[in-house]
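Structure first, commentary second.
No lab work stands behind these numbers, since they all come straight from the coordinates. Bear in mind that the values here come from a model prediction, so they are computed numbers and not experimental data. Cβ coordinates were reconstructed from backbone atoms using ideal geometry, including for glycine residues, and neighbour counts include every protein chain displayed.
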Amino acid sequence: MAFTNNDEAVSPVIGVILMVAITVILAAVIAAFVFGMAGNISKTKVVAVTAQKPDSGHISVTYQGGQDAASVSAINVSVDGATSVNPYLTTATNGWMNSGTGSLKVGCNTIALGTFTAKTHVVATGTFTDGTQQVLLDTYL
C-alpha cells in the first residue's frame, strides 16, 4: 500500500483569497477618491510654540517658527481657560505683559503673570492668513 499526500489545492486557495482581498482594498480606495471622501481633509500647518514656568508667578510662551511661519497672523494663548490677547501686540491687557514687537517674529515671547497651580494648563492657538485656526501647543506645566 502506497500513500500519497495531495497538497496541490492549498496554494491556489491562498492565492485566490489574497487576490480578492487586494481587489476589495483597491475598490475602497478608488471609491473614496471618486465620491470625494478624501477631499475635505485640511493640511496641518507646521509651527512650534513652547512654554516654560520658571516660577509659580510667571509662564513664558515663546514662538519658535516653523515651515509655515510666514502664514501665521496671530497667536492667542490661554492659561487655565483665561484667554489673552494676541501676545505679539505691544499693548498689555488682561494681566499679560507682552514683550513682542507687534509682528510675529521667531523668538518673540509673552509672559503670563499670576499665581499658578502645580498643573497649569497652557493652550496656544494659531490663526493663519488663510483663515484657518490650529492648536499649536496644549500642555500642562
Quote to one decimal, in nm, the extra length available between N76 and V34 on full extension: 0.36 nm per residue of separation minus the C-alpha distance between them.
-> 11.3 nm
Mean Cβ neighbour count within 10 Å, used as a protection proxy, ranking 16-24, 59-67, 46-54, 125-133 highest first = 59-67, 46-54, 125-133, 16-24
